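Enquirer: Handing you this structure, nothing more for now.
The values are calculated or read from the model by the stated rules, or taken from the named source; none is laboratory data. Owing to the predicted nature of the structure, the values given are computational and were not obtained by experimental measurement. Here Cβ is always computed from backbone atoms with ideal geometry, including for glycine, and neighbour counts include all displayed protein chains. All accessible areas refer to the heavy atoms of the entire protein, side chains included, with ligands and DNA or RNA removed. Shrake-Rupley method; radii C 1.70, N 1.55, O 1.52, S 1.80 Å.
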Amino acid sequence: MDFKKVQQLFPSEDGNKQQQLELLGYIEQLLSGIDSKKDPNKSTLGPIQEKSDNLYKEIVENAATPNSGINMEEIVNKLIALSDGHPYHTRNFVTNVLPMASIPGIIGLLTTSILNGNNLWDVYGPAAAEAEVKVISMMSKLVGYDYTKSWGYTTWGGQGAVFSGLRLAIAKQFPNAKEEGVPNNLYCFASENAHYSLLKSVEATGIGSNHLIRVKAGSDFAMDITDLQEKMEAVIQKGGIPIYVVATTGTTDSFGIDDVKSIKEITTELEKKHQLKPIHIHADSALGGFYSLFANYDFTNNPLNFEKDVLEGLMQINERMQYISIADSLCFDFQKLGQTPYLTSLFLVKNGESLGLLDLEEFETPYVGNRGYGSYHTGYTLECSRMGSSIAIYAALLAFGVEGYQQILANYVRVNIAFRKMLKERIPNMGITNEKNIGPITTFRIYQDTVQWDLEQSGQATTEQINLTNELNYELFEILGQQREDVFFGDTKKQCLVDVSDSDERLPIYVSKLFSISPYTEVEHLDHMITAIEKSIMKMEGMKVEVTL
Ligand SMILES: *Cc1c(COP(=O)(O)O)cnc(C)c1O
């Protein structure tokens, strides 16, 4: 390959039409290739690819970089081949919070790639810097932060936001910890239903996972506030220092919403009582935060004409979600309910000044920042180079607007209300285990004869009963999983832990899951989904009969 040919692998230098058409040609080839595999009645692009046990071993053995590059058309074909059997977010895709990237999101990310600025410094990435400041302000205003004080940045997922919140929590109480290391008596608190992001963060910061205190959750899967208070008191009595409470506002499995307002009341009371420094509260709103866009919805006049039950569901969510702005920091995972591609997570801090505690000294960053030109240098992020993911967020916010998001979020609620109703009618021995929480998720659990969820949740079932029902549900997962090309349900082996009547050990609960996430899933598609569950149950029972014979 000669050097001229290598140059042709880049977009043009001068904007000539020929190279523009060439790039467009590959994009068209890619889109047509992927589109040709789409089928709205399947949840995958073409048939699922059976994976042999040594698939990855074979790949490792056979993969090699060509000595001389191959042509682009062939490469695009290889990329299209990668999508064979790929999950795709059609109406039947209800497995988990794995959304479809919207057109504005994709175009935004393409802009990021074409400009390829570095979001580390506005001299290198002015587009991303501007977009980032815009989306910080836009989201601060929507969520109820004072935009003249708040600040933030795009980061590596909801996980990155939980981690950044913890860095702030440490720095606020121990500004010298950066140099001296963290004291060995710091404690963090989160619900037992919280995402494992905090576990990894306490490990990585050196606080240690023994210092992560898990707070019990109630029947609505939200943190039990009394248990939080007692556990915080106990830590303080033993000489521990509480620094960080993560309030999950929308749990990943059950859509439980922790009560940020009550949590703040407790931390404030404890700070006064024990003369503690401010305890940082992070609302882990990675998933649920978008529902705070209903905070300003006119529920009385209902301008978007939501049906009565949908409106009631949204009001119920808003009841809790409207308080997330009480938290010191929060997160919007745009790659979840914000309809943009990975990775587009926004970390927001109520008092932006506190980020200064994490910033590097000028002396440590000789290449960037602190010049006469350029005034936006993100020395406070854990990342050095940063992708300009704010551009996709910016495009999506403009395209959907508040109402567009409200429509899509309301439809998830609509689908879930209808699904629960139909499921109960058609499969009487199927229990809904997150009945109290309406949102994008329904968790359901099959029983041998009759639904025993109340009994199990109140700790009156025996170990044997729970284990048998878990096994039954595991069998259902397997069969539902085999037909995922048709309807792709989710499942979890620990929706929550419950007490049992005959042991001190708390047991996990296995459930299947419908996570309404595709913009194309509507109420009319639910009949087919319930039929798929019925068929799976029949198959499961058929297999049992065979075994007994
Ligand atoms: C998804 C999720 C996370 C992790 O977010 P990533 O973007 O995957 O890093 C953290 N917390 C909650 C509540 C989540 O739903």
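Enquirer: If a residue must be touching a residue at least 40 places away in the same chain (Cβ under 8 Å) and not in a loop (DSSP other than H, G, I, E, B), how many such residues does the range 111-166 contain? Quick ask: steps written out before the conclusion?
Expert: Initial filter on the range 111-166 (touching a residue at least 40 places away in the same chain (Cβ under 8 Å)): 111-112, 114-115, 117-125, 127-129, 131-136, 138-140, 142-146, 149-166.
Okay, now just the ones that are also not in a loop (DSSP other than H, G, I, E, B), so 111-112, 114-115, 121, 127-129, 131-136, 138-140, 142-143, 151-155, 157-166.
Qualifying residue count for the region: 34.
Enquirer: With the requirement that a residue be among the aromatic types (Phe, Trp, Tyr) and farther than 21 Å from residue 329 by Cα, what does the range 223-260 give you? So that I can check it myself, show each step before the final result.
Expert: Pass one, the range 223-260, residues among the aromatic types (Phe, Trp, Tyr): 244, 255.
Answer for the range 223-260, where residues must be among the aromatic types (Phe, Trp, Tyr) and farther than 21 Å from residue 329 by Cα: there is none.
Enquirer: Now, a different point. Select from the range 194-209 the residues that are under 20 Å from the mean Cα position of the chain (by Cα) and assigned to a loop (DSSP other than H, G, I, E, B) and write down the one among them that is nearest to the ligand (Cβ to nearest atom).
Expert: Taking the range 194-209 as the starting set, the residues that turn out to be under 20 Å from the mean Cα position of the chain (by Cα) are 194-202.
Now restrict to residues that are assigned to a loop (DSSP other than H, G, I, E, B): 194-196.
Details: 194: 7, 195: 3, 196: 8 Å.
Looking at residues that are under 20 Å from the mean Cα position of the chain (by Cα) and assigned to a loop (DSSP other than H, G, I, E, B), I get 195.
Enquirer: A follow-up question, please. In the set 330, 337, which member is open to solvent by less than 40 Å² (accessible area, probe 1.4 Å) and part of a loop (DSSP other than H, G, I, E, B)? Walk me through how you get there before you give the answer.
Expert: On the way: 330 fails: part of a loop (DSSP other than H, G, I, E, B).
Going through 330, 337 in turn, the sole match is 337.
Enquirer: Return the pair list, or none, for Cβ contacts closer than 9 Å from residues in the range 453-465 that are open to solvent by 70 Å² or more (accessible area, probe 1.4 Å) to residues that are part of a helix (DSSP H, G or I), at least 6 apart or on different chains.
Expert: Cβ pairs passing all conditions: 460/454; 465/455; 465/456.
Enquirer: Would you tally the residues in the range 387-444 being in contact with a helix residue (DSSP H, G or I) (Cβ under 8 Å, 6 or more places away or on another chain) and charged (D, E, K, R)?
Expert: The total comes to 3.
Enquirer: Residue 106 is checked against (1) modelled with pLDDT under 95; (2) over 17 Å from the mean Cα position of the chain (by Cα); (3) among the aliphatic types (A, V, I, L, M); (4) open to solvent by 20 Å² or more (accessible area, probe 1.4 Å) and fails just one. What number does that condition carry?
Expert: Tallying (1) modelled with pLDDT under 95; (2) over 17 Å from the mean Cα position of the chain (by Cα); (3) among the aliphatic types (A, V, I, L, M); (4) open to solvent by 20 Å² or more (accessible area, probe 1.4 Å), residue 106 fails exactly one: (1).
Enquirer: Output the qualifying pairs, or none if there are none: Cβ atoms under 9 angstrom, residues six or more apart or on different chains, first residue in the range 195-210 and of a type in the set (A, V, I, L, M), second residue in a loop (DSSP other than H, G, I, E, B) and open to solvent by less than 60 Å² (accessible area, probe 1.4 Å).
Expert: Every condition considered, the pairs that remain are 202/208; 207/182.
Enquirer: When you check residue 219 against the structure, is it touching a helix residue (DSSP H, G or I) at 6+ places or on another chain (Cβ under 7 Å), at pLDDT below 95 and either within 15 Å of the ligand (Cβ to nearest atom) or within 25 Å of residue 436 (Cα to Cα) (or both), yes or no?
Expert: Values: touching a helix residue (DSSP H, G or I) at 6+ places or on another chain (Cβ under 7 Å): yes; at pLDDT below 95: yes; either within 15 Å of the ligand (Cβ to nearest atom) or within 25 Å of residue 436 (Cα to Cα) (or both): yes.
Spelling it out, residue 219 is indeed touching a helix residue (DSSP H, G or I) at 6+ places or on another chain (Cβ under 7 Å), at pLDDT below 95 and either within 15 Å of the ligand (Cβ to nearest atom) or within 25 Å of residue 436 (Cα to Cα) (or both).
Enquirer: If you don't mind, there's one more thing I want to ask. Scanning for something outside the structural domain of residue 379 (by TED's automatic domain parsing), within 16 Å of the ligand (Cβ to nearest atom) and either at pLDDT 95 or above or within 30 Å of residue 415 (Cα to Cα) (or both), does the range 54-71 turn up at least one residue? So that I can check it myself, show each step before the final result.
Expert: Let us first name the residues in the range 54-71 that are outside the structural domain of residue 379 (by TED's automatic domain parsing), namely 54-71.
In the following step, the residues that additionally are within 16 Å of the ligand (Cβ to nearest atom) were identified as none.
No, because not a single residue in the range 54-71 is outside the structural domain of residue 379 (by TED's automatic domain parsing), within 16 Å of the ligand (Cβ to nearest atom) and either at pLDDT 95 or above or within 30 Å of residue 415 (Cα to Cα) (or both).
So that you can scan it fast, the table gives a plain yes or no per residue for (1) closer than 18 Å to residue 195 by Cα; (2) free of Cβ contacts under 8 Å to residues at least 60 places away in the same chain; (3) under 24 Å from the mean Cα position of the chain (by Cα):
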residue: 227; (1), (2), (3): no, yes, no
residue: 232; (1), (2), (3): no, yes, no
residue: 235; (1), (2), (3): no, yes, no
residue: 245; (1), (2), (3): yes, yes, yes
residue: 261; (1), (2), (3): no, no, yes
residue: 266; (1), (2), (3): no, yes, no
residue: 274; (1), (2), (3): no, yes, no
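Enquirer: Filter the range 242-276 down to residues that are within 16 Å of the ligand (Cβ to nearest atom) and polar (S, T, N, Q) and give me whichever is most open to solvent (accessible area, probe 1.4 Å). Break it down stepwise before answering.
Expert: Taking the range 242-276 and keeping what is within 16 Å of the ligand (Cβ to nearest atom), we get 244-260, 263.
This time we only want the ones that are polar (S, T, N, Q), so: 248-249, 251-252, 254.
Working: 248: 5, 249: 0, 251: 3, 252: 39, 254: 2 Å².
Step by step, filter the range 242-276, then rank; the result is 252.
Enquirer: Mind checking whether some residue in the range 289-312 is within 19 Å of residue 164 (Cβ to Cβ) and open to solvent by less than 10 Å² (accessible area, probe 1.4 Å)? Break it down into steps so the answer makes sense when it comes.
Expert: Filtering the range 289-312 for residues within 19 Å of residue 164 (Cβ to Cβ) gives 289.
Narrowing the set further to residues that are open to solvent by less than 10 Å² (accessible area, probe 1.4 Å) leaves 289.
Checked against the condition, which is being within 19 Å of residue 164 (Cβ to Cβ) and open to solvent by less than 10 Å² (accessible area, probe 1.4 Å), the range 289-312 yields at least one hit.
Enquirer: State all residues of the range 123-162 that are of a type in the set (S, T, N, Q) and within 16 Å of the ligand (Cβ to nearest atom); if no residue qualifies, say none.
Expert: So in the range 123-162, the residues of a type in the set (S, T, N, Q) come out as 137, 140, 148, 150, 154-155, 159.
Across the range 123-162, the qualifying residues are 154, 155, 159.
Enquirer: Within the range 468-549, considering only strands (runs of 3 or more DSSP E) that don't extend past its boundaries, which have at least 3 residues that are touching a helix residue (DSSP H, G or I) at 6+ places or on another chain (Cβ under 9 Å) and open to solvent by less than 10 Å² (accessible area, probe 1.4 Å)?
Expert: Values: elements: 488-492, 497-500, 503-508, 511-515.
It comes to 511-515.
Enquirer: Count, please, the residues in the range 301-354 that happen to be within 16 Å of the ligand (Cβ to nearest atom) and either of a type outside the set (S, T, N, Q) or under 15 Å from the mean Cα position of the chain (by Cα) (or both).
Expert: At the first step, the residues of the range 301-354 found to be within 16 Å of the ligand (Cβ to nearest atom) are 317, 320-321, 324, 327, 329-348.
If we keep only those that are either of a type outside the set (S, T, N, Q) or under 15 Å from the mean Cα position of the chain (by Cα) (or both) as well, we get 317, 320-321, 324, 327, 330-348.
Selection size over the range 301-354: 24.
Enquirer: Does residue 396 satisfy the condition of being modelled with pLDDT of 95 or more, among the aliphatic types (A, V, I, L, M) and not in a loop (DSSP other than H, G, I, E, B)?
Expert: Details: modelled with pLDDT of 95 or more: yes; among the aliphatic types (A, V, I, L, M): yes; not in a loop (DSSP other than H, G, I, E, B): yes.
Considered against the rule, which asks whether it is modelled with pLDDT of 95 or more, among the aliphatic types (A, V, I, L, M) and not in a loop (DSSP other than H, G, I, E, B), residue 396 comes out as yes.
Enquirer: Of all residues in the range 167-193 being open to solvent by less than 10 Å² (accessible area, probe 1.4 Å) and assigned to a strand (DSSP E or B), which is farthest from the ligand (Cβ to nearest atom)?
Expert: Ranking the qualifying residues of the range 167-193, first place goes to 186.
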